[in-house]
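Only one structure is covered here, and it is reproduced in the block below.
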Amino acid sequence: MASSLRSQGWFDSREYYSFARRSTLRAQGLTRAITEGKPVIGICNTASDLNPCNRHLTQVAEAVKRGVWAAGGVPCEFPVISLGEMFLKPTAMLYRNLMSMDVEEMIRANPIDAVVLLGGCDKTIPALLMGAASADVPAIVVPGGPMLSGTFRGQTLGSGTDGRKLFDLYRAGQLNDGDMEELECSIARSQGHCMVMGTASSMALIAEALGMTLPDAAAWPAVDARRFTIAEQSGTRAVQMARQGPKPSEVLTIHAFHNAITALMAAGASTNAVVHLLAIAGRVGVDLTLDHFEAISNLSPLLLDLKPHGQYLMEDFAYAGGAATLLQHLLPLLQPDALTVSGHSLGVQLAGHRTHPQPVIRDLNHPLDTNGGIKVLRGNLAPHGALIKTSAASPSLLTTRGRAIVFESKDEMLAKVNDESFDVDASSVLVLRNAGPHGAPGFPEWGHMPLPKSLMAKGVADVVRISDARMSGTSFGTVVLHISPEAWIGGPLAAVETGDEIELHVPERRLTLAVPAGTIEQRLAKRPAPQPHYTRGYGKLFLDHVEQAHLGCDFDFLKRN
Ligand code: FES
């Protein structure tokens with residue numbers, strides 16, 4: 001038997017339990033020739049009927065198994081918690097850290113020599129990466145792939161992005177119930193995750209840029225044959241990694257994060273990816289901060305012409321060359337020596353990639369914008385930072401001073417924006433608080449507040465919205481998010497009053513409450529401390545240990561020092 005396999009600690013001794021464990025493996029009818037001394041490859045599967053974006057991963061796992069068997073390994077598929085963005089209340093984000101703990105402990109506790117991680121919907125790839133990074137057993141990600149492009153009455157539609165736009169037409173009475181029923185079947189028409197550059201697509205791209213997937217893994221649609229080819233190849237590669245590595249801690253270096261953030265900015269990808277990258281970095285002891293994002297954003301041009309900021313969809317991105325083409329265009333800005341799970345550096349890997357003329361992925365000489373899609377703001381309203389996705393914002397609103405209208409809760413906000421007599425104008429700044437990790441709780445995607453009906457009636461298409469919430473990566477508009485510290489724990493957002501003036505100055509990266517010095521502190525001192533949302537169970541664990549947005553919202557005890 002080879003001496004380097006972790007699984008030997010379970011199967012290779014003369015003790016009773018080694019015999020008993022081997023016998024249970026043999027219960028499948030496998031011969032000793034098949035099982036003895038072979039790498040055991042875990043297939044960590046997030047397939048679930050409660051997570052429609054990941055349901056097809058059962059088929060993807062079969063392709064991984066083919067690759068494992070062909071390379072001389074023994075595949076062992078196992079389930080972990082799966083987080084479906086559309087179903088979970090109050091938000092899937094409440095459970096990301098719980099899922100990451102499940103992943104970490106199931107890898108660590110089992111006789112696994114390497115693991116293939118199958119994810120798709122928004123939180124699943126982040127949680128898989130966080131858990132695998134903590135377990136630090138060789139790991140390779142196979143993203144589930146996006147849905148095919150939506151189609152509706154001759155229009156190509158992107159889930160989330162166009163869904164929101166069309167729902168606003170429904171709110172305005174321009175579409176009826178029959179139209180919406182037809183739309184339901186047209187906008188999500190295959191297996192896979194949302195097919196704009198939302199959070200799921202962003203995290204697949206980031207997994208590839210981090211070096212945690214084989215090349216060309218991020219973009220193929222979930223139903224494309226090449227999705228299954230990548231899965232089979234990943235199973236084969238995992239068998240090699242079982243003996244040779246690399247481990248996640250060897251791949252997830254500061255250079256890998258540099259490459260991932262560069263790709264994130266060039267793609268105009270989801271603001272949620274910032275939180276997830278901070279959390280993944282914390283699991284491997286890489287000291288990543290919002291300053292890294294800001295610095296790289298200033299150097300990385302926007303190259304990807306995808307919704308929600310552009311015109312195309314993930315299917316077009318795949319046919320245009322996918323993440324490998326984007327990364328190759330970005331090569332002068334990347335750290336090419338970063339190791340990937342292929343065993344090669346990113347630079348070596350990209351050297352063999354062929355590109356072809358196409359309109360979706362621009363090159364460095366023809367960017368959509370000269371710098372990246374996400375900016376970090378600071379100021380007396382966000383001492384630890386806030387984010388704005390400038391690529392999806394209205395340029396005319398990036399320098400604004402307006403009257404604050406404060407909502408204490410999501411319910412209050414929804415009631416007001418749907419009230420046709422709501423007193424708001426185009427220069428108002430809508431403020432939602434108590435929507436952060438502690439306040440909501442769980443840090444939901446409430447930050448993209450719907451446009452007030454009274455503004456839509458006047459033809460206003462965007463208004464500045466600020467909050468301590470997140471927003472879906474599929475959303476758009478001039479939306480400031482992730483204000484840290486959040487209002488619930490006494491951040492300055494709690495001191496804003498309706499009628500105050502708020503200044504947003506993105507060119508100077510400022511978010512300011514225009515009140516006399518000392519006002520914020522005086523108002524906060526009078527504010528009663530709110531009661532926690534949970535006093536028992538996982539909710540209490542979450543509230544006791546979750547960190548703020550600028551640190552990645554991981555649990556403090558899960559970070560590696
Ligand atoms: Fe799963 Fe959008 S709902 S990726």
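What follows draws every value from the coordinates through simple rules; no lab data is involved. What you see is a predicted model; the values in this text were computed from it and never measured. Note that we place each Cβ from the backbone using ideal geometry, even for glycine, and neighbour counts take in every protein chain shown.
With a/c under 1.5 counting as rounded, go ahead and sort segment 1-140 into rounded, prolate or oblate using the C-alpha gyration tensor (a ≥ b ≥ c being the square roots of the eigenvalues; past the cut-off, prolate if a/b is larger than b/c, else oblate). Prolate, because a/c is 1.5 or more and a/b exceeds b/c. Principal axis extents of the Cα atoms in segment 196-299, from largest to smallest and rounded to whole angstrom, are 38, 33, 20.
Measuring from a point 7 Å past the Cα of L98 along Cα-to-C-beta, which residues in segment 428-442 have an amide N at less than 12 Å? Within reach of a label on L98: 442.
For L175 and A70, calculate 0.36 nm times their separation in residues minus their Cα-Cα distance, and state this gained length in nm to one decimal.
32.5 nm
Projecting label points 7 angstrom from Cα along Cα→Cβ for D49 and T535 puts them 3.7 nm apart. For segment 145-153, backbone phi angles converted through the Karplus equation (6.51, -1.76, 1.60; θ = phi - 60°) give residue-by-residue couplings of x, x, 5, 5, 4, x, 9, 8, 6 Hz, Gly and Pro being listed as x. Highest mean first, the peptides 545-557, 529-541, 30-42, 379-391 sorted by other C-beta atoms within 10 Å per residue fall in the order 379-391, 545-557, 30-42, 529-541. Applying 0.36 nm per residue to the separation of L364 and L414 and subtracting their alpha-carbon distance, the gain on full extension is 13.8 nm.
Starting with the highest mean, order 475-487, 60-72 by the number of other Cβ atoms within 10 Å, averaged over the residues of each peptide. Walk me through the numbers before you get to the answer.
Values: 475-487: 25.6, 60-72: 20.5.
Top of the packing list down: 475-487, 60-72.
Across segment 233-243, coupling constants 3J(HN,Hα) worked out from phi with the 6.51/-1.76/1.60 Karplus curve, θ = phi - 60°, read 4, 5, x, 5, 5, 4, 4, 5, 5, 4, 9 Hz, and Gly and Pro carry x.
For the pair T31 and E62, what calculated FRET efficiency results from E = 1/(1 + (r/R0)^6), where r is the Cβ-Cβ distance and R0 = 30 Å, to the nearest 0.05?
On the way: r = 21 Å, r/R0 = 0.71.
Plugging the Cβ-Cβ distance into 1/(1 + (r/R0)^6) gives 0.90.
Given R₀ = 35 Å, FRET efficiency for S427-N298 by Cβ-Cβ distance, to 0.05? Write down the numbers at each step before the final one.
Working: r = 28 Å, r/R0 = 0.80.
For R0 = 35 Å, the calculated efficiency reads 0.80.
The distance linking segment 111-171 with segment 6-27 is 37 Å (Cα centroid to Cα centroid, whole angstrom).
Strictly over 26 Å apart at the Cα level, which of K526/K559; K416/K458; K416/K540; K65/K123; K38/K559 would you flag in this model? Show your work: numbers first, answer last.
Numbers: K526/K559 35 Å; K416/K458 16 Å; K416/K540 31 Å; K65/K123 24 Å; K38/K559 33 Å.
Where the Cα-Cα span goes over 26 Å, the pairs concerned are K526/K559; K416/K540; K38/K559.
For segment 498-555 and segment 35-105, what is the separation of their C-alpha centers, rounded to whole Å? Centre-to-centre distance over Cα atoms comes out at 35 Å. When only alpha carbons of the chain are considered, Rg and Dmax amount to 23.8, 80 Å. Extension gain for the segment T399 to R560, taken as residue separation times 0.36 nm less the Cα-Cα distance, is 54.0 nm to one decimal. Which lysines, on any chain, are close to K410 with Cα under 19 Å apart, when same-chain ones fewer than 8 places away are left out? Leaving aside lysines fewer than 8 places away in the same chain, those within reach of K410 are K89, K453.
Highest average first, the peptides 96-106, 207-217 ordered by how many other beta carbon atoms sit within 10 Å of their residues are 207-217, 96-106. Counting Cα-Cα pairs of segment 255-335 in 5 Å increments starting at 0 gives whole-percent bin shares of 3, 15, 26, 23, 19, 10, 4, 0.
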